[in-house]
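Working notes, structure below.
The values are calculated or read from the model by the stated rules, or taken from the named source; none is laboratory data. All figures in this text were calculated on a predicted structure; none of them were measured in a lab. Virtual Cβ from ideal backbone geometry, glycine too; neighbours counted across all protein chains shown.
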C-alpha cells in the first residue's frame with residue numbers, strides 16, 4: 001500500500017477548461033484524475049440528446065477531453081474517474097474506445113450504470129421541494145439516483161484505466177479511490193466523512209485554487225490566466241494536503257479552501273451523500289506551506305437508507321430580448337422601453353420578467369445610493385409552452401428599434417428550451433449499480 | 001462607525017434548488033465575534049428582504065472561523081426554471097457583503 005495517494009481534479013463542471021487537466025496529468029505525478037462534469041440539469045439535457053440519438057447523451061466535451069488526455073493518462077499511468085457518461089455511460093465508453101483505437105492506445109474502460117431509475121418511478125412519488133407528486137411538475141424526462149462510492153469500487157477492482165459513470169454524488173468520485181487504495185471500511189463514518197470533505201474541496205477544481213475567489217485589490221490572485229487545478233495528497237489516516245502544480249497560476253490558501261468548504265453546504269453538521277452524513281463542523285484547515293493547505297477533522301454519521309433522485313421535467317421555453325441605451329436619461333429610456341414591452345406582452349405571458357442590466361439585473365435590487373449608470377441594457381424574459389410563443393419576447397424587444405424610445409441599439413433575441421429539476425428519494429435497495437468492462 | 005462587510009469578510013454563494021447558501025468568512029479571525037454579534041439572522045433577513053422570501057438559518061463555525069447562511073426561497077424558483085439572469089444566485093455573495101455593520 002502506498003503511503004499517500006494523489007488525486008487531482010481537472011474539471012469542476014461540464015464546460016470547464018481542458019488545459020488544466022492536461023497539466024495535472026503531465027506534471028502533477030497523480031495517481032488518479034477526477035473530472036466532475038455533471039450538474040443537476042446537465043443530465044436531463046443529456047437525456048434529451050440521447051432520445052434524439054441513442055449514440056449520444058454523454059458529455060458534449062467528452063471527445064475533446066479524451067483526445068488530449070488519453071496519451072498522457074497512459075504514459076503517466078494515471079487512472080481517470082469521471083461522470084462524463086451523463087445520461088449514456090455505455091455510449092461514452094464506446095466513444096472512448098473508438099478514440100483510443102484511433103490513437104492506437106490500449107485502453108480498458110469500466111462503465112458504471114444503474115443510476116437511471118426513470119422506469120422505476122410511477123410519477124406519483126412526492127417531490128422533496130413541493131411535497132406534490134413528481135408528474136405535477138411536467139412531463140418527466142429523466143430520473144437519476146445519486147450513486148455512491150460503493151458503486152465505483154467494483155470498477156476500481158478491474159484493470160480499467162478509465163472509469164466512466166453517470167449520476168454519482170460528486171464527493172463519491174473521490175471517496176471511492178481512497179476506499180479502494182487504503183481499504184477503508186464504508187461503515188467507518190468518520191473516515192468516510194473526512195473523505196467526503198476531501199472530495200467536496202476538490203470537486204469544483206478551480207474554485208479551490210483561487211479562481212472563483214479572486215477580487216482585485218481585495219483578494220489578489222497571481223496569474224489567473226494560467227489558473228492551475230488542484231490535487232490532494234491523502235494519507236491512510238485521511239489527512240489531506242491540497243496543492244497545485246508548481247508554476248501554474250492561482251493560490252491555495254486557508255481562505256480559498258474555506259470558501260470552497262462551505263460552498264453549497266445546506267447544513268455544515270449534516271452534509272448528506274450516498275456514502276455518509278458528513279460533519280464539516282470540526283474541520284481544521286492549516287497553511288502547511290506555500291500553496292499548500294492541510295485539512296483534517298472531517299467526521300460523519302451512518303449513510304442514509306435512501307438515495308436522492310434528481311428528476312428532470314419539461315418546463316417549456318424561455319424567450320429573451322435585450323436592447324441597450326446610453327448617455328443622458330439612458331435608464332429613463334430603458335424603463336419606458338421595458339414598460340412598453342410589458343404592456344404588449346402581459347396578457348400572453350403569465351411569467352414575464354423585466355431587468356435593467358447595469359442597474360438591478362442580478363441582485364434584483366440595489367443597495368445604497370448609486371448614480372444613474374451611463375449605459376443600461378434592457379432585458380425582458382418570459383416563459384411559454386412552445387418555442388414559437390417564447391420567441392414573441394425577443395420579437396417585441398427587437399421591434400423597439402423603430403417603434404420604441406430613442407437611441408435603442410444592439411438588440412438581441414434568444415429562445416431556450418427549459419428543463420426543470422425536482423428531487424425525490426428512493427430506497428437504496430431498489431437501485432442496483434452495474435459494471436461493464438470494454439477493451440480498446 | 002458604519003463599515004461594509006466587504007471590508008471585513010469574504011463570501012461565496014451556492015445553490016440547491018430554490019435555496020441560497022452564503023458563507024461569511026472574516027479576513028481577520030479576530031473579527032469573527034463581531035460578525036456573530038451583528039450579522040444576525042434578523043439583520044440579514046432585513047438586508048436581503050428583496051431577495052430572500054423564506055426562512056434564513058445561520059450556522060456558526062468557530063473552527064474556521066466562518067458563518068454560513070442558508071436562505072430558503074431565494075432563487076425565484078431555482079436554477080432550472082427561474083427567469084432571472086443569475087439563476088444560480090452566484091452574484092449574491094456580494095449582496096451580503098454590501099451590508100453595513102457598526103465597527
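State whether the residues of the stretch A:401-414 include one that is within 14 Å of chain B (Cβ to nearest Cβ) and either closer than 30 Å to residue A:46 by Cβ or over 26 Å from the mean Cα position of the chain (by Cα) (or both).
Checked the stretch A:401-414: at least one residue is within 14 Å of chain B (Cβ to nearest Cβ) and either closer than 30 Å to residue A:46 by Cβ or over 26 Å from the mean Cα position of the chain (by Cα) (or both).
Suppose we filter A:378, A:392 for residues that are within 14 Å of another protein chain (Cβ to nearest Cβ), in contact with a helix residue (DSSP H, G or I) (Cβ under 7 Å, 6 or more places away or on another chain) and closer than 25 Å to residue B:87 by Cβ; which single one remains?
A:378
Looking at the stretch A:274-298 only, could you name the residues that are in a strand (DSSP E or B) and buried (at least 22 other Cβ atoms within 10 Å of the Cβ)?
A:278, A:279, A:285, A:293, A:295
Would you tally the residues in the stretch A:375-400 being surrounded by fewer than 18 Cβ atoms within 10 Å (Cβ to Cβ), in contact with a strand residue (DSSP E or B) (Cβ under 6 Å, 6 or more places away or on another chain) and without any contact (Cβ under 8 Å) to a residue 60 or more places away in the chain?
1
List the strands (runs of 3 or more DSSP E) that sit entirely inside the stretch B:1-80 and contain at least 2 residues that are at pLDDT below 95.
B:13-16
Has the stretch A:151-164 got at least one residue that is assigned to a loop (DSSP other than H, G, I, E, B) and more than 26 Å from residue A:64 (Cα to Cα)?
yes
When the residues of the stretch A:124-146 are narrowed to those that are touching a strand residue (DSSP E or B) at 6+ places or on another chain (Cβ under 9 Å) and surrounded by fewer than 16 Cβ atoms within 10 Å (Cβ to Cβ), which ends up nearest to residue A:39 (Cα to Cα)?
So, considering only residues that are touching a strand residue (DSSP E or B) at 6+ places or on another chain (Cβ under 9 Å) and surrounded by fewer than 16 Cβ atoms within 10 Å (Cβ to Cβ), the one nearest to residue A:39 (Cα to Cα) is A:128.
Name every residue in the stretch A:73-90 that is in a strand (DSSP E or B) and touching a helix residue (DSSP H, G or I) at 6+ places or on another chain (Cβ under 6 Å), in order of residue number.
A:80, A:81
Kindly indicate which of B:74, B:95 is buried (at least 21 other Cβ atoms within 10 Å of the Cβ), in contact with a helix residue (DSSP H, G or I) (Cβ under 9 Å, 6 or more places away or on another chain) and within 9 Å of chain A (Cβ to nearest Cβ).
Answer to the selection: B:95.
In a loop (DSSP other than H, G, I, E, B), touching a strand residue (DSSP E or B) at 6+ places or on another chain (Cβ under 8 Å), modelled with pLDDT of 95 or more and surrounded by fewer than 24 Cβ atoms within 10 Å (Cβ to Cβ): does that describe residue A:181?
no
Restricted to the stretch A:398-423, and to residues that are in contact with a helix residue (DSSP H, G or I) (Cβ under 6 Å, 6 or more places away or on another chain) and within 17 Å of residue A:330 (Cα to Cα), which residue is modelled with the lowest pLDDT?
Filtering the stretch A:398-423 for residues that are in contact with a helix residue (DSSP H, G or I) (Cβ under 6 Å, 6 or more places away or on another chain) and within 17 Å of residue A:330 (Cα to Cα), the one modelled with the lowest pLDDT comes out as A:404.
Can you say whether residue A:318 is under 30 Å from residue A:359 (Cβ atoms) and assigned to a strand (DSSP E or B), as far as the supplied structure shows?
It is true that residue A:318 is under 30 Å from residue A:359 (Cβ atoms) and assigned to a strand (DSSP E or B).
Which residue, of A:61, A:105, A:45, is more than 21 Å from the chain's Cα centre (by Cα) and surrounded by fewer than 24 Cβ atoms within 10 Å (Cβ to Cβ)?
A:105
Please pick out the residue among A:311, A:362, A:354 that is free of Cβ contacts under 8 Å to residues at least 12 places away in the same chain, outside any helix (DSSP H, G or I), within 14 Å of chain B (Cβ to nearest Cβ) and closer than 28 Å to residue A:41 by Cβ.
Among A:311, A:362, A:354, only A:362 is free of Cβ contacts under 8 Å to residues at least 12 places away in the same chain, outside any helix (DSSP H, G or I), within 14 Å of chain B (Cβ to nearest Cβ) and closer than 28 Å to residue A:41 by Cβ.
Identify the residue in the stretch A:305-331 that is under 30 Å from residue A:192 (Cβ atoms) and out of contact with any helix residue (DSSP H, G or I) (no Cβ under 8 Å at 6 or more places or on another chain) and, among all such residues, is surrounded by the most Cβ atoms within 10 Å (Cβ to Cβ).
Among those residues, the one meeting the criterion is A:309.
Just one of A:216, A:222 is within 14 Å of another protein chain (Cβ to nearest Cβ), surrounded by fewer than 23 Cβ atoms within 10 Å (Cβ to Cβ) and modelled with pLDDT of 95 or more; which is it?
A:216
Filter the stretch A:252-273 for residues that are under 17 Å from residue A:195 (Cα atoms), facing another protein chain (nearest Cβ under 10 Å), under 19 Å from the mean Cα position of the chain (by Cα) and surrounded by fewer than 20 Cβ atoms within 10 Å (Cβ to Cβ) and give the result.
Correct list: empty.
In the stretch B:41-64, what residues are surrounded by 18 or more Cβ atoms within 10 Å (Cβ to Cβ) and touching a residue at least 40 places away in the same chain (Cβ under 8 Å)?
Passing the criteria: B:44, B:47, B:48, B:51.
Test residue A:47 against the criterion of being in contact with a strand residue (DSSP E or B) (Cβ under 8 Å, 6 or more places away or on another chain) and within 23 Å of residue A:428 (Cβ to Cβ), and give yes or no.
Yes; evaluated as a whole, the condition is true for this residue.
State which residue is farthest from residue B:1 (Cα to Cα) when the search covers only the stretch B:81-92 and only residues that are at pLDDT below 95 and within 7 Å of chain A (Cβ to nearest Cβ).
B:81
Check the stretch A:244-251 and report whether any residue there is on the phi < 0 side of the Ramachandran plot, in a strand (DSSP E or B), out of contact with any helix residue (DSSP H, G or I) (no Cβ under 6 Å at 6 or more places or on another chain) and away from every other protein chain (no Cβ under 11 Å).
yes
Would you mind telling me which numbered condition in (1) touching a residue at least 60 places away in the same chain (Cβ under 8 Å); (2) assigned to a loop (DSSP other than H, G, I, E, B); (3) within 14 Å of chain B (Cβ to nearest Cβ) residue A:2 fails?
Looking at each condition in turn, residue A:2 falls short on (3).
Looking at the stretch B:49-71 only, could you name the residues that are within 7 Å of another protein chain (Cβ to nearest Cβ) and over 30 Å from residue A:314 (Cα atoms)?
If the condition is that a residue be within 7 Å of another protein chain (Cβ to nearest Cβ) and over 30 Å from residue A:314 (Cα atoms), then B:59, B:61, B:63, B:64, B:66, B:68 are the ones that fit.
Count, please, the residues in the stretch B:1-18 that happen to be at the interface with chain A (Cβ under 10 Å from one of its Cβ atoms) and farther than 14 Å from residue A:262 by Cα.
5
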